[in-house]
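Comments concern the structure below.
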Amino acid sequence: MRNNRPNILIVDDDRALCRVISAKLKKEGMAPASAHTLAEGLQEMREKKYAVVYLDVRMPDGNGLDLIKKIQRLPFPPEVIIITGEAEANGARMAIESGAWDYVEKGSSLDDVFLPLIRALQFRREEQRGSRLAAGFKRKGLVGESKAIMDCLDEAALAATSDLPVLVTGETGTGKELESLAIHDNSSRANRNFVVVDCASLPESLVESLLFGHEAGAYTGPGPARDGLLKQADGGTLFLDEIGELPPGIQKSFLRVLQEYSFRRVGGLKEINSHFRLIAATNRNLVRMAEQGGFRPDLLYRLNNLTIKLPPLRERRGDIPMLTTFHLRQLCHHQGLEQKGFSVEVLEMLCNYDWPGNIRELFNVIDQAAVKAGGNPTI
C-alpha cells in the first residue's frame, strides 16, 4: 500500500524536544524523523524526500540559517520552519529573509508549532495539484485546493482551449476577474490585450463612445477620432465585468458585434473589425433577468456557451488558511513589513466566519490586521 504520510524532519540538538514534536506529528498522521546536527540533517535530506523541515538556529556545528541555502539547492527542497529558543527581536525577519517558510519559538504550544506545518503542507499540495491540472497552467492568484475551486480551475483550463464566449458567475468578491484572467493567460491569446470593462461604472451617455470609439467631430469640439475598448481588445480578450448592468440599448448593439465581430464608431459609416474573445462576469441571475425583461434572451444565449460558477468562500472554508497565508505574505512583501502569521485562535475564527463579502472581505480584514499588528510577528 502506498504511504501518503508526509515526511517531516526535525533538525535540533534538543533530543527531548524532538521526541515531543515527533509524538505530536505521529498523532496527526505524519512520518517524522530527527537529526541532531546540521551535517546529519543535510545528509538525511539528500537521501530522502521531506516535505517540511523544522530547523533549529543554534546547533553544535553551526547556525541553522546558513543551512537554508544548501537546502534550497537540493533536487526536491522541503519547506523550512525555523524553530529556536532564541527570542531575538529580529529572528522572524532573519528567518524569512533567509528563505524560511515560517518561524516559531521553543516554548510555544504544540498547536503553535504545528500550525505553520499545516500551512506549508497545504501550500505544497496546492502547487502540486496545480501542476497536475495542466503543465504550466497559470493560476493568477487563484489559491486553494478544495474540490470546489479545483473544479473551477479544470473548467478554466477547458475554456482556455477554445475561443467560445464564457460566462463567469458568482457572488461579489469570489474572484471572477481572476478566473477570467487565468482563462486568457492560458489561451492562445495570452500575448495580446486583456481589456477590462466595468459595465456597472459605464456612464450611459458615453457608453457607446467608450465601447465602439468615435470619429473626429462626433462630439462637440475638434477632438481626433478614437478607438473604443472593442478595438483595443482585437486579437485578445474582452472582459465585461457585471454584464447584467449593461444598458438595454447597448445590449442590442453588442449582440450584433458578437454575431459579426464588426461595428461602427460613433459618427462613422465604415465597418471596423475586432476579433476578440469575450468573457463576461456577473453576480446577478441573468436567466431571471431575461424572464423579467431586464436582459436580452438572445444575448444571454450567445454568452451561455461555457458557464463557470465560482463558489462563495463559506463553501470552501478549507481554503481559508491557504488564502490567508498567501495574501499575508504578499502584503508584507509589498508593504515592506516584517513577515507575520496568525495565531491558532484567530485562524479558527477566520475559518468559522461566513464571509458575506467573500475573498475580497477576507483580504480586507487581513490588510487591516497586519497594519494594526505593527511590529508583532503574530496577529
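The values are calculated or read from the model by the stated rules, or taken from the named source; none is laboratory data. Predicted, not measured: the structure shown is a model, and the values here were computed from it. A quick note on method: Cβ atoms are made from the backbone with ideal geometry, for glycine too, and the neighbour counts reach across all protein chains shown. Quick note on the areas: whole protein, heavy atoms, side chains included, nothing else; ligands and nucleic acids left out. Shrake-Rupley method; radii C 1.70, N 1.55, O 1.52, S 1.80 Å.
Take the residues in region 44-99 that are of a type in the set (Phe, Trp, Tyr) and modelled with pLDDT of 85 or more, then tell me which one is farthest from Lys340 (Cα to Cα). Show your work before the answer.
Narrowing region 44-99 to residues of a type in the set (Phe, Trp, Tyr): 50, 54, 76.
Going one step further and asking which of them are modelled with pLDDT of 85 or more, we end up with 50, 54.
Numbers: Tyr50: 24, Tyr54: 18 Å.
Only one residue fits best here, namely Tyr50.
Among the residues of region 45-57, write down those that are closer than 18 Å to Ile21 by Cα and either out of contact with any helix residue (DSSP H, G or I) (no Cβ under 6 Å at 6 or more places or on another chain) or touching a residue at least 60 places away in the same chain (Cβ under 8 Å) (or both).
Residues of region 45-57 that are closer than 18 Å to Ile21 by Cα, as a first pass: 50-57.
Correct list: Tyr50, Ala51, Val52, Val53, Tyr54.
For region 357-379, name all the residues that are in a loop (DSSP other than H, G, I, E, B), free of Cβ contacts under 8 Å to residues at least 60 places away in the same chain and in contact with a Gly (Cβ under 9 Å, 6 or more places away or on another chain).
Within region 357-379, Ile379 is the sole residue that qualifies.
Scanning region 190-223 for residues that are polar (S, T, N, Q) and exposed (fewer than 14 other Cβ atoms within 10 Å of the Cβ), which turns out modelled with the highest pLDDT?
Going through the qualifying residues, I end up with Asn191.
Out of everything in region 114-130 that is more than 16 Å from Ala157 (Cα to Cα) and of a type in the set (Lys, Arg), what residue ends up being modelled with the highest pLDDT?
Among them, the one singled out is Arg119.
Among the residues of region 224-243, which ones are surrounded by fewer than 22 Cβ atoms within 10 Å (Cβ to Cβ), over 12 Å from Leu210 (Cβ atoms) and touching a helix residue (DSSP H, G or I) at 6+ places or on another chain (Cβ under 6 Å)?
Glu242
Conditions: (1) without any contact (Cβ under 8 Å) to a residue 12 or more places away in the chain; (2) polar (S, T, N, Q); (3) more than 27 Å from Lys340 (Cα to Cα). Thr37 meets all but one. Number of the miss?
Single failed check for Thr37: (1).
Looking only at region 268-279, filter to residues that are open to solvent by 20 Å² or more (accessible area, probe 1.4 Å) and of a type in the set (A, V, I, L, M); which one of those is nearest to Cys199 (Cα to Cα)?
Out of the qualifying residues, it is Ile272.
Return the residues of region 22-78 that are in a loop (DSSP other than H, G, I, E, B) and either hydrophobic (A, V, I, L, M, F, W, C) or crowded, with 17+ Cβ neighbours inside 10 Å (or both); say none if nothing qualifies. Let's see the steps before the verdict.
First, the residues of region 22-78 that are in a loop (DSSP other than H, G, I, E, B): 28-30, 36-37, 48-51, 56-57, 60-61, 73-78.
Passing the criteria: Met30, His36, Tyr50, Ala51, Asp56, Val57, Leu74, Phe76, Pro78.
Kindly indicate whether Asn364 is under 23 Å from the mean Cα position of the chain (by Cα), of a type outside the set (A, V, I, L, M) and under 23 Å from Val197 (Cβ atoms).
Taking the combined requirement at face value, the residue does not satisfy it.
Assuming Phe254 fulfils every condition listed in (1) open to solvent by 20 Å² or more (accessible area, probe 1.4 Å); (2) part of a helix (DSSP H, G or I) apart from one, which condition is it?
(1)
Which one of Arg288, Arg265, Arg314 is of a type in the set (Lys, Arg), open to solvent by 30 Å² or more (accessible area, probe 1.4 Å) and touching a His at 6+ places or on another chain (Cβ under 8 Å)?
Selected residue: Arg265, the only one of Arg288, Arg265, Arg314 that is of a type in the set (Lys, Arg), open to solvent by 30 Å² or more (accessible area, probe 1.4 Å) and touching a His at 6+ places or on another chain (Cβ under 8 Å).
Give me the residue from region 301-355 that is without any contact (Cβ under 8 Å) to a residue 12 or more places away in the chain and not in a helix (DSSP H, G or I) and, out of that set, nearest to Arg256 (Cα to Cα).
Once the filter is applied, the top-ranked residue is Tyr353.
Hey, among Ala148, Ala156, which residue is surrounded by fewer than 20 Cβ atoms within 10 Å (Cβ to Cβ), over 30 Å from Leu269 (Cα atoms) and either at pLDDT 90 or above or in contact with a Pro (Cβ under 8 Å, 6 or more places away or on another chain) (or both)?
Just one listed residue meets the conditions, Ala148.
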